[in-house]
Amino acid sequence: MNLNLYVWRQKGPNAPGKLEQLQAKNISPDMSFLEMLDEVNEDLVRNGKEPIAFDHDCREGICGTCSQVINGIPHGPQERTTVCQLHMRKFKDGDSIYIEPWRAKAFPLIKDLIVDRSALDRIIQAGGYTSCHTGGVPDGNAILIPKPDADTAMDAAECIGCGACVAACPNGSAMLFTSAKVSQLASLPQGRAEAAQRVCVMTEAMLNEGFGNCSNHYECQAACPKGIKVSFIAKLNREFLKAQIK
Amino acid sequence: MAPASNGCTCSCLKVFANPVAKKMLMAITGIGLVAFLFVHLIGNLSLYAGPGGINAYGQTLHSLPPVVWAFRAGLILLLVVHIWLGIKVTLENQAARPTPYAQRTYLKVTLASRTMIWTGAIIGVILVYHILHFTVQMICPETAANTLKDTLGRPDVYTMVVSSFRKIGISLVYLVWMGAVALHVSHGVHSSLQTMGLAGEQTLPLWTRLALCVAAFVFIAYTSIPATILAGIVK
Ligand code: HEM
Ligand code: FES
């Protein structure tokens, strides 16, 4: 198949950027979206041109590194699928495809489609952990955890930190990301002890990094490749209220 | 773990900078305003009891200035906090996405959720008109209830309302107003429940429907007054 690409090209953080029209020729429908870009890059290199810079790592949908807004949807049109797991059979021969980077003030652009997402790391550093002493490996079932709580924590822990929620949110808010970590840790006895403090410092870090506020548009849940639910945002809000009356 | 630097639990003022606290204040004030819509509606519907109904209501209300002023003070407080935070939150949200997407496909946003600041602005502007119309009574001075009395010597609210809404232009202004209120509330009701943490996977779809019902009810109940007056049912 042949495709008509419009790709965001920008040499550096402060350089001007624009959408560049590129052709992807002889693409197999069995290729992943990233393999299609690899082909386009081979072509660009053969012609002495600068290849498209894009982020990727595991290419199996678990690391959260790939990050492209495809036709206006973070990770593209297929539900619960990262860019690396999106296949070209989702598109038709002759399609036009717009490829843009995550757009948010908190995610400064580095080059082309690559943005700096360390703002998310700093939210985690603010409180997305438990301050426990390290030492010997604790006994497996020494702390009993009710199954529903364990399930909630596991669902929240599915977040791979890709930032699609921020990219999808009209307000560039990181509430879904933050709420997943807050909910995961608050659901477990090990994390419960610091739950009140955690929700405060993490939401504060969100503000300091320049993320927007949550308007409950719910675009984040629709874009999340791991199906993180906005019910975790409600849980974060409950945790915040509890922290105020503690 | 590092203590909360702005101190969620210590500094009262700084907590209002927190993104969640801001939204909770918007939600509480918003729900307060929705509650007021229902209280206000009871008064409006006394119009259907004829001049006796609404004129008596008006007179009773104004024989209790402390009650009237307590209500006004409460409302002003709710509106000031809600509008101030509404503008602040909107500006912050716009600043968080300085470069727009060239191509954007929305999956979940609604007309209502995307236009909260604009429907809010319409509500605010027409609210001023409404106060000039029925409180200050300078839009239709010839039928101002402050000067016009009914047979029992009470301010003739009934005639003021009915003669105003016979003017199609005035009715249209109120129709636009209630349209904006309905849109605003159709997002606001479920949004505020989510913001207060009162939603879950099962309940959120219910709240979304509840919000639509509240919006439809408020719209129909309020606009029924100009509609029945224009149709000649209420004379
Ligand atoms: C001049 C008047 C008003 C302005 C400027 C205004 C503005 C706003 C804005 C911008 C939001 C969205 C905040 C966000 O991004 O999430 C909002 C939410 C809301 N508004 Fe208003 N509004 C006004 C009047 C009203 C009135 C009269 C009511 C009630 C009838 C109301 C009820 C609500 C509710 C319930 C919310 C939801 C709060 C939440 O999402 O947590 N607003 N308002
Ligand atoms: S490259 Fe790891 S999730 Fe796509």
Taking region B:186-235 and keeping only residues that are part of a loop (DSSP other than H, G, I, E, B) and more than 16 Å from residue B:108 (Cβ to Cβ), one is left with B:196, B:197, B:198, B:200, B:202, B:231, B:232, B:233, B:234, B:235
Exactly one of A:207, A:185, A:176 is within 16 Å of ligand 1 (Cβ to nearest atom), free of Cβ contacts under 8 Å to residues at least 60 places away in the same chain and more than 10 Å from chain B (Cβ to nearest Cβ), and that one is A:176
_It is to be established whether one or more residues within region A:40-56 are surrounded by fewer than 21 Cβ atoms within 10 Å (Cβ to Cβ) and under 15 Å from the mean Cα position of the chain (by Cα)._
yes
**Message:** On the basis of being of a type in the set (A, V, I, L, M), outside the structural domain of residue A:75 (by TED's automatic domain parsing) and surrounded by 15 or more Cβ atoms within 10 Å (Cβ to Cβ), does residue A:144 make the cut?
**Reply:** no
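Taking region A:80-115, which residues are of a type in the set (Asp, Glu) and outside any loop (DSSP other than H, G, I, E, B)? Give the derivation first.
First, pick out the residues of region A:80-115 that are of a type in the set (Asp, Glu): A:93, A:95, A:100, A:112.
If the condition is that a residue be of a type in the set (Asp, Glu) and outside any loop (DSSP other than H, G, I, E, B), then A:100 is the only one that fits.
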Conditions (1) touching a residue at least 60 places away in the same chain (Cβ under 8 Å); (2) assigned to a strand (DSSP E or B); (3) not charged (D, E, K, R) -> residue A:29 fails only (2)
Is it the case, given these coordinates, that residue B:179 is on the phi > 0 side of the Ramachandran plot and either surrounded by fewer than 19 Cβ atoms within 10 Å (Cβ to Cβ) or within 10 Å of chain A (Cβ to nearest Cβ) (or both)? no
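Yes/no per residue for (1) closer than 25 Å to residue B:228 by Cβ; (2) assigned to a loop (DSSP other than H, G, I, E, B):
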position: B:103; (1), (2): no, yes
position: B:109; (1), (2): no, yes
position: B:118; (1), (2): no, no
position: B:122; (1), (2): yes, no
position: B:126; (1), (2): yes, no
position: B:134; (1), (2): yes, no
position: B:152; (1), (2): yes, yes
position: B:161; (1), (2): yes, no
position: B:176; (1), (2): yes, no
Every listed condition ((1) away from chain B (no Cβ under 14 Å); (2) touching a residue at least 40 places away in the same chain (Cβ under 8 Å); (3) among the small types (Gly, Ala, Ser)) holds for residue A:156 save (1)
Just one listed residue, out of A:129, A:218, is of a type in the set (Ser, Thr, Tyr) and over 25 Å from residue B:1 (Cβ atoms), and it is A:218
Of the candidates A:226, A:181, the one satisfying the condition of being modelled with pLDDT of 95 or more and surrounded by fewer than 24 Cβ atoms within 10 Å (Cβ to Cβ) is A:226
Every listed condition ((1) outside any helix (DSSP H, G or I); (2) in contact with a strand residue (DSSP E or B) (Cβ under 6 Å, 6 or more places away or on another chain)) holds for residue A:40 save (1)
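The values are calculated or read from the model by the stated rules, or taken from the named source; none is laboratory data. Quick caveat: nothing in here was measured; it's all calculated off a predicted structure. Using ideal geometry, Cβ is built from the backbone for each residue, glycine included, and neighbour counts are taken over all protein chains shown.
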